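So the structure is just underneath, and the comments pick up after that.
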Amino acid sequence: MHASLAVTLASLSVQDWSCPVCPLASKSSPHQMQTLAVTVAYLIYDLACCLFDKRVKLDNTIHHLVSIVGLVAGLAYQRCGSEMVAALWITEISSPFLHLRELLKELGYNNTDLNLAADIMFAVIFTFARMVGGPYLTYVTLSANNPLLIKAMAVGLQLVSAFWFYKIARMVMYKLSRKASSNKVAATQ
């Protein structure tokens, strides 16, 4: 739910679609501030829920903390709205497929072609958004006259994305090799 809302709000708050990250290092618009406030509220709630989970995941906790600190800094400075809204769009665009993967597992469709398709869609969108769009956004954020804290959080978020990309690539390779093995077994029978 949040991912869809975040992407919608982020899309609606883009000031110039010919340059979605423009104007750089400028005063945030009221719509951008609202989008960031809704997102930081959700992330604080989600972090609290994650901390009460049976097993706390360090990478997920770091992701939440980097995102929360970055968004709070953006709200406090009332600057960098274009960059932050672009970061929100980039980081949340793959989330519906992440949640679909989890939902399919809960419904008992873990080792099915449908689940594999959801995994691949998630991996492709995540890879394009975070490993193509993310480095570009990090570069423009670092190049612009942004506060040091904003720059540090941009780098931190990109590092978390790179770590998750590694884990996702391993997961996809495992699932595809398992699928190929099961197809070979089925073909020999």
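A few points about this structure:
- In Hz, Karplus ³J(HN,Hα) per residue of the range 153-169 (6.51, -1.76, 1.60; θ = phi - 60°; x = Gly, Pro): 5, 4, 5, x, 5, 5, 5, 4, 4, 5, 4, 5, 4, 4, 5, 5, 4
- Structure remark: mean-square fluctuation, Gaussian network model of the chain, C-alpha springs under 10 Å; the largest value among 97, 126, 163 belongs to 163.
- Among the listed pairs 54/175; 105/167; 27/167; 27/54, those beyond 30 Å (Cα-Cα): 27/167; 27/54
- Dipole magnitude for the chain: about 540 debye, using +1 per Lys or Arg Cβ and -1 per Asp or Glu Cβ, origin at the Cα centre.
- Spatial offset of the range 122-189 relative to the range 1-76 amounts to 19 Å, using the alpha carbon center of each.
- Of 55, 130, 79, the residue with the greatest mean-square motion in the GNM of the chain, using alpha carbon springs below 10 Å, is 55.
- Database remark: amide H of residue 79 closer than 5 angstrom to the amide H of 28 (H placed geometrically; neighbours at sequence offset of 5 or more, or on other chains; Pro and chain starts carry no H).
- Neighbour counts of other Cβ atoms within 10 Å put 50, 80 in the fewest-to-most order 50, 80.
- Note, ³J(HN,Hα) from phi for the range 115-132, Karplus 6.51, -1.76, 1.60, rounded to Hz, x at Gly and Pro: 5, 5, 4, 5, 4, 5, 4, 4, 4, 5, 5, 4, 4, 5, 5, 8, 9, 10
Bear in mind that the values in this text are calculations on the coordinates, not laboratory data. Just so you know, these numbers come straight off a predicted model, no measurement behind them. Methodologically, a virtual Cβ is constructed for each residue, glycine included, from the backbone with ideal geometry; neighbour enumeration extends over all protein chains shown.
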